[in-house]
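This report refers to the structure that appears directly beneath it.
Values quoted throughout were computed directly from the atomic coordinates according to the rules given, and no laboratory measurement underlies them. Here the structure is a predicted model, which means the values were calculated and not measured. Cβ placement follows ideal geometry from the backbone for every residue including glycine, while neighbour counts extend to all protein chains displayed.
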Amino acid sequence: MKPSNFVAFPKDFLWGAATSSFQIEGSPLADGAVESDWYRWTKTPGRIANGDTADVACDHYHRMKEDVALMKEMGLQAYRFSLSWSRIMPERGKVNQKAIEFYRSLMEELRKADITPLATLYHWETPVWAVGGWENRETVFAFEEYARVVFEELGRYSASWITINEPLVIACCGYMWGWFPPGKTDKAAYGQVVHHLNLAHGLAVRAFRQLNQKGEIGVAMALSTFDSISNKPEDVEHADRLDAIHNRAFLDPMTGKTYPQAFLDYAGKLEGPIEDDLKLIHQPVDFIGVNHYFRNTCKYKKGANIVDNENFVAPGTPLTDLEWEVRPESFTDILVYVWKNYGFKKIYVTENGMATRISKRSKDEFMQDDIRIHFIGSYLEAARKAIDQGVPLKGYFVWSLMDNFEWAQGFDPAFGLIAVDFKTQERSFKKSAYWYKKVMEENGFELSKLPLNPNYIRAAVPA
Ligand code: FCB
């Protein structure tokens, strides 16, 4: 008998952890790979915190077997990773067998370890030969060709696929805010890129079906609610507009609807045969992947660019070291939102987790990471509440298996269950890794045993 405070998960619930190619592999130009936009971004002064690069990262490219052994030791049931387009296709139409071999041996190794692979086709590195990136419609068709190559070469090694990781973040951070390559701040480009990413997703799903691949395919979306700070009509409308631009601009066309008007009003006219494209974008998926980190609270500000949102957090609210709000209820909210509004039959949480900054925490606090156990435990309890409401949640992947290259923020924010010493490449389980091992073994955990008083930072009183 489990104690009454045991947060139990359904039978066959899939427990895993996630990474992505560029963030862990290192050796970005090895064995015939070509430069990607992210590779160049890391070489552009001022773009990455501390001037960090991903040239070595976790050196997973050379330590893959050792890493799979660690996954096994941790008791992972599933592993989410991504394939690098710029390794696999050094030019359009050309396949690099050495890269295929690397991913084949990774998938073989996982099979031997009895770990279910969840493979993502695209987690943000675009080969530089795809000129114009996602603004260029040709990139969409080049991506479809790449997807076909991957399914033909590697389809038999994985039963579960993700087309694109977080189309929102690619479009937002690359084309609206300018933090990621290509560094644009242009709303028309944002709109066009959203459309092209949607189309690329649709064409990859279509290719999967046309090639009669076994198994399942979906997409990993960065999803969070846009809550209005008050009941005032201008705040409520503002929150709804932001939801349209960030969530519905993807989910609506993927599920057979047209683009929300607020998105079109923001982006302006989209180029291309949109009506025909919408038919291609609407390819039923087998599951939706939810990546969730924090919610948004929206307050209208007269005269501001409509996507400018001062994300209000009440003084004293717990925050992670990246100042991301800790609010598990919002995790329940977004899971219920995506299920109720879109009726997906199967949902995975494809990313959830938290960062501690290496620079802000003592070695002891960093390794004995009660804060992460508290965070993941609280979010799992919130996920359980969504299941109780009927959400067909079938699996959960911690971001991340190990500390890695956190994009423009470099190596300081560390999301891993496993710590990586980036000087020696030594890996060590944090306390959270042992805790998560037990959760996976027992298919749940005792709520009353979550650490008390986790050391979150707190939102300050506004100046
Ligand atoms: C997500 C990304 C992932 C990682 C986490 C923290 O947006 O998909 O690669 O950077 O955030």
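Only lysines eight or more places from Lys2 in sequence, or on another chain, were considered; those with a Cα closer than 20 Å are Lys11, Lys385, Lys437, Lys438, Lys449.
Restricting the count to DSSP beta bridges whose residues both fall in the chain, what percent are antiparallel, rounded to a multiple of 5?
Numbers: 13 of 51 bridges.
Among the beta bridges of the chain, antiparallel pairing accounts for roughly 25 percent.
Going by Cα centres, the range 258-315 and the range 341-397 are how many Å apart? Rounded to whole Å, the Cα centres lie 24 Å apart. The peptide list 68-77, 186-195, put in order of mean Cβ contacts within 10 Å with the highest first, becomes 186-195, 68-77.
With 10 angstrom as the radius, rank Asp364, Asp52 by how many other C-beta atoms surround their C-beta, starting from the fewest.
Values: Asp364 8, Asp52 19.
Fewest-to-most ranking of Asp364, Asp52: Asp364, Asp52.
Phi angles across the range 421-433 convert, under the Karplus curve 6.51 cos²θ - 1.76 cosθ + 1.60 with θ = phi - 60°, into 3J(HN,Hα) values of 7, 6, 7, 9, 6, 6, 9, 9, 5, 7, 4, 5, 5 Hz, Gly and Pro given as x.
With K and R counted +1 and D and E -1, the other residues having a Cβ less than 12 Å from that of Val236 yield a net charge of -3. For Ala355, what is the net charge nearby, where nearby means another residue's Cβ is under 14 Å from its Cβ and Lys, Arg count +1, Asp, Glu -1? Its environment carries a net charge of -4. Evaluating kT/(6 pi eta Rh) at 10 °C and 1.306 mPa s, with the Kirkwood radius of the range 61-131 over Cα pairs in the Stokes-Einstein relation, gives 121 µm² s⁻¹.
Counting other C-beta atoms within 10 Å, which of Ser378, Ser428 has the fewest, and how do the rest follow? Numbers along the way, then the final one.
Details: Ser378 19, Ser428 13.
The fewest-first ordering by Cβ neighbours comes to Ser428, Ser378.
State the answer as a single residue: which of Val34, Pro10, Gly46 lies farthest towards the positive end of the charge dipole of the range 6-89, with beta carbon charges of +1 for Lys and Arg and -1 for Asp and Glu, about the Cα centre. It is Pro10. Distance between the pseudo-spin-label points of Tyr434 and Ala314 (7 Å out from Cα toward the beta carbon): 3.6 nm.
Largest first and in whole Å, what are the equivalent-ellipsoid semi-axes of the range 114-209 based on the Cα gyration tensor, each being the root of 5 times an eigenvalue? Could you put the intermediate results ahead of the total?
On the way: eigenvalues 130, 38, 24 Å².
Semi-axis lengths for the range 114-209 are 25, 14, 11 Å.
According to the calculation over all Cα-Cα pairs in the chain, the P(r) per 20 Å bin from zero is 25, 62, 13, 0 %.
Quick check: net charge around Phe250, other residues with Cβ under 13 Å of its Cβ, Lys/Arg +1 and Asp/Glu -1? So the surrounding residues net to -1.
Dipole of the range 303-370, Cα-centred, from +1 at each Lys and Arg C-beta and -1 at each Asp and Glu C-beta, to the nearest 20 debye?
Values: 8 positive and 12 negative charges, 72 e Å.
Its charge dipole is roughly 340 debye.
For the range 259-355, lysine pairs with C-alpha atoms less than 26 angstrom apart, excluding pairs fewer than eight positions apart on the same chain, total 7.
Rounded to the nearest 20 Debye, what is the dipole magnitude of the chain about its Cα centre when Lys and Arg each give +1 and Asp and Glu each give -1 at the C-beta?
Details: 54 positive and 61 negative charges, 133 e Å.
Computed charge dipole of the chain: roughly 640 debye.
The ranking of His292, His238 from fewest to most other beta carbons within 10 Å of each one's beta carbon is His238, His292.
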